[in-house]
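The values are calculated or read from the model by the stated rules, or taken from the named source; none is laboratory data. Just so you know, these numbers come straight off a predicted model, no measurement behind them. Using ideal geometry, Cβ is built from the backbone for each residue, glycine included, and neighbour counts are taken over all protein chains shown.
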Amino acid sequence: MKDMAAFKVETLSNLLIGGATLPFEIGGIDQHTVVDQEGFPYIPGSSIKGSLRTIIRDDESNMAKEITDLYISYLKEKWAEDWKLIQEFVKEKEKLDRIETVYKKVLRDASAEYLFGIEGFDHTPKLLFEDLLLIPELRNKEICFSIDMKNSISIGAEKPESNPRSYKTARSGLVFEGVVHFYRLGFLGGNAEDLCRAFIIENLKKFNSGIYRLGNSKSRGYGKIKVIPAGESEANKE
């Protein structure tokens, strides 16, 4: 559909996304990956959003510049439309100056990162992320978790001490599916939705390099994923 981008995520290493702390039991699991209401692992929309935002922050491509220009044009037009109404209701010069400063700042700081929302501005064009759920054929609790033992060394006053910890992670080889919705991106004008879709897919696929990862304990090897956009066969995934 034009107003969304669907994709799948395959775990290439175990995945640990920290959630609510579960009751601790002696000899039990120290940290659990998040699970849905049925007890299966999932990828929260906020996790993929935060990681993708980091990737896009580093993007200096022509597409990123085009999207930035679209936001600048949109914000200038919005400022012109809002200003007449603001002046009707706000008479104090100090307040008007503060509002003007806010508009100037968002124009000065404009970037493709505005796809994730603009602080202080409601209902602007942006992306909305759904949770990624485990695909139906893999919803088997016997195969979707891994119990990992990790060890850290603490340097005490007298001698180093071993601190073993156990993690319940989503295992490698799982596939999750989800959607990014395009909220009012058409307001940016032109071919904004097609441009943003291509841009989002291009940046999601940067996870496939292994440089960008998802969740916690990335330095321990967790969080390596592969993204398969809708319409691309798994045989052709990068």
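Report yes if Ser152 is at pLDDT below 95, surrounded by fewer than 15 Cβ atoms within 10 Å (Cβ to Cβ) and at negative phi, otherwise no.
Yes, satisfied.
Would you mind stating whether Glu25 is surrounded by fewer than 15 Cβ atoms within 10 Å (Cβ to Cβ), in a loop (DSSP other than H, G, I, E, B) and at pLDDT 95 or above? Give the derivation first.
On the way: surrounded by fewer than 15 Cβ atoms within 10 Å (Cβ to Cβ): yes; in a loop (DSSP other than H, G, I, E, B): yes; at pLDDT 95 or above: no.
For Glu25, the condition - surrounded by fewer than 15 Cβ atoms within 10 Å (Cβ to Cβ), in a loop (DSSP other than H, G, I, E, B) and at pLDDT 95 or above - is not met.
Name every residue in the stretch 95-139 that is among the charged types (D, E, K, R), under 18 Å from Glu66 (Cβ atoms) and touching a residue at least 60 places away in the same chain (Cβ under 8 Å), in order of residue number.
Selection gives Glu113 alone.
Can you pull out the residues in the stretch 186-223 that are of a type outside the set (A, V, I, L, M, F, W, C), assigned to a loop (DSSP other than H, G, I, E, B) and without any contact (Cβ under 8 Å) to a residue 12 or more places away in the chain?
Of everything in the stretch 186-223, just one residue is of a type outside the set (A, V, I, L, M, F, W, C), assigned to a loop (DSSP other than H, G, I, E, B) and without any contact (Cβ under 8 Å) to a residue 12 or more places away in the chain, namely Asn191.
Please specify each residue of the stretch 180-226 satisfying the condition of being of a type in the set (A, V, I, L, M) and under 13 Å from the mean Cα position of the chain (by Cα).
Val180, Ile200, Ile201, Leu204, Leu214 - these are the residues of the stretch 180-226 that are of a type in the set (A, V, I, L, M) and under 13 Å from the mean Cα position of the chain (by Cα).
Name the single residue, out of those in the stretch 39-57 being modelled with pLDDT of 95 or more and part of a loop (DSSP other than H, G, I, E, B), that is farthest from Tyr167 (Cα to Cα).
Ranking the candidates gives Pro44 first.
Restricting attention to the stretch 213-232, and to residues there that are at pLDDT 90 or above and of a type in the set (Lys, Arg), which single residue is surrounded by the most Cβ atoms within 10 Å (Cβ to Cβ)?
Lys224
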